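J.: Below are the C-alpha cells for one structure; questions will follow.
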Amino acid sequence: MHRLLFITLVLLAGCAPDITETDFFSRHPDPLATEEGKVILASHTNDSIRIRVLSENGLHAGFNPLLFETEGDVSELTATLFLDSGITRIESPLGPTVFTSGESAHILNPGISGDWTLELSWVTNQARFTTQYPVDVTDDIWVQQIEGDPTFISWVAPTAPKTGSDVFEIAIHSFDGTSFSPVTSASLDLYPYMDMGAGEGHSTPFLAPTHVGDGHYRGEVNFIMSGGWDMTVRMSGGEEVIFKGFTVR
C-alpha cells in the first residue's frame with residue numbers, strides 16, 4: 001500500500017529579521033538535494049517498508065507544506081520536530097502529531113540556539129520503531145514576535161496575495177520558556193496600507209480576523225491594487241506587529 005499524507009508545519013522565529021524585501025518568497029531557503037523537484041528531509045527503508053518526508057524547498061520559519069510517503073505495513077505514524085538547545089527540548093505545541101490529510105503542527109523557535117531534529121515513530125509488525133533525522137531551519141520574514149512580549153504571530157494565508165478579496169489568516173502562540181500554547185481569546189484589528197510616496201497612501205476594505213480554532217484567526221482583505229502593501233495586526237492591549245513589503249500581484 002502506498003500512501004501520501006500532507007501536513008503543514010509552522011516554525012516561528014523568536015527574532016524576526018528586518019523586513020525590506022518586496023517579494024513574498026524572497027527569503028525562502030536555497031534548495032537542497034532534490035528528487036523530482038522535492039527535498040528529502042527524512043528517509044527510512046528496510047525489506048518491508050519505506051517512509052519518506054519531503055518538502056519543496058527545505059524547512060523555513062513559517063508554514064511548510066510537507067509530503068509524507070509510506071509503503072508497506074506502516075501504521076500509527078507520528079512525527080515531532082523539536083529544537084534541542086543541549087539543556088532543554090522544545091517541541092511542537094501540539095506534541096507528537098498523527099499525520100492525517102490536512103492536519104497541521106506548529107513548531108516554534110523562541111530564538112534559543114540549538115539543533116532541529118525531525119523524529120519519526122511508527123508501528124510495523126506489532127512493534128514500535130523510532131528514528132531521528134537532523135534538519136536545517138532557515139529564518140523567514142513571515143513570523144513576528146510582539147516586542148517585549150512572549151507572543152508570536154505567524155502569517156498563514158494568503159501565501160501568494162492577489163488583487164481582489166482574499167482570506168487573511170494568522171496563528172498566534174505564547175511561549176512560557178519551555179513550551180508553546182495557542183492564544184485563543186485575542187481581539188484583533190487590521191490596518192492594510194499601501195504607501196504611494198510623498199506622504200500619500202491608502203488602505204483597503206477588510207474584515208478583522210476572529211478565532212476559528214487552535215490559535216488560528218481568519219478574516220478577509222480586499223486588495224484593490226497590485227503592488228507593495230504593509231499589514232499591521234493589532235491586539236486589544238495595544239500590541240501590534242507589522243508585516244511589511246509583501247507584494248500583491
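The values are calculated or read from the model by the stated rules, or taken from the named source; none is laboratory data. Keep in mind the model is a prediction, meaning the values are calculated, not measured. Quick reminder, even Gly has a Cβ in these numbers, built from the backbone with ideal geometry, and neighbours come from all protein chains shown.
J.: Read through the list (1) loosely packed, with under 13 Cβ neighbours inside 10 Å; (2) assigned by TED's automatic domain parsing to the domain that holds F243; (3) free of Cβ contacts under 8 Å to residues at least 60 places away in the same chain; (4) small (G, A, S), then give the number of the only condition that A127 fails.
T.: Condition (2) is where A127 drops out.
J.: Looking at (1) among the polar types (S, T, N, Q); (2) under 23 Å from I172 (Cα atoms); (3) touching a residue at least 40 places away in the same chain (Cβ under 8 Å), can you tell me which one S226 breaks?
T.: (2)
J.: OK, next. Please specify each residue of the stretch 46-83 satisfying the condition of being under 25 Å from N125 (Cα atoms), surrounded by fewer than 18 Cβ atoms within 10 Å (Cβ to Cβ) and in contact (Cβ under 8 Å) with a residue 40 or more places away in the chain.
T.: Those that are under 25 Å from N125 (Cα atoms), surrounded by fewer than 18 Cβ atoms within 10 Å (Cβ to Cβ) and in contact (Cβ under 8 Å) with a residue 40 or more places away in the chain: S48, I49, L67, E69, E71, G72, D73, S75, E76, T78.
J.: Still on this structure: Just for the stretch 27-43: of the residues that are in a strand (DSSP E or B) and not β-branched (V, I, T), which one is modelled with the highest pLDDT?
T.: Going through the qualifying residues, I end up with S43.
J.: Is there a residue being at pLDDT below 75, assigned to a strand (DSSP E or B) and buried (at least 21 other Cβ atoms within 10 Å of the Cβ) anywhere in the stretch 12-20?
T.: The answer is yes, given that some residue of the stretch 12-20 is at pLDDT below 75, assigned to a strand (DSSP E or B) and buried (at least 21 other Cβ atoms within 10 Å of the Cβ).
J.: Check M235 against each of (1) over 20 Å from the mean Cα position of the chain (by Cα); (2) farther than 30 Å from F82 by Cα; (3) of a type outside the set (K, R) and name the one condition it does not meet.
T.: Only one criterion is unmet by M235, namely (2).
J.: P209 passes all but one of (1) at pLDDT below 95; (2) within 18 Å of E239 (Cα to Cα); (3) in a strand (DSSP E or B); which number fails?
T.: Result: P209 fails condition (1) only.
J.: Quick one: how many residues across the stretch 44-93 are more than 25 Å from W155 (Cα to Cα) and not in a strand (DSSP E or B)?
T.: Residues that pass the stated criteria total 11.
J.: Look through the stretch 141-153, keep the residues that are at pLDDT 85 or above and not in a loop (DSSP other than H, G, I, E, B), and return whichever of them is farthest from E169 (Cα to Cα).
T.: Selected residue: T151.
J.: What tally of residues in the stretch 212-223 results from selecting those that are modelled with pLDDT under 95 and either in a loop (DSSP other than H, G, I, E, B) or loosely packed, with under 14 Cβ neighbours inside 10 Å (or both)?
T.: 3
J.: Taking the stretch 203-223, which residues are over 21 Å from P182 (Cα atoms) and in contact with a Lys or Arg (Cβ under 8 Å, 6 or more places away or on another chain)?
T.: Hit for the stretch 203-223 is F223, nothing else.
J.: If you check S185 against the conditions, is it more than 21 Å from W229 (Cβ to Cβ) and in a strand (DSSP E or B)?
T.: no
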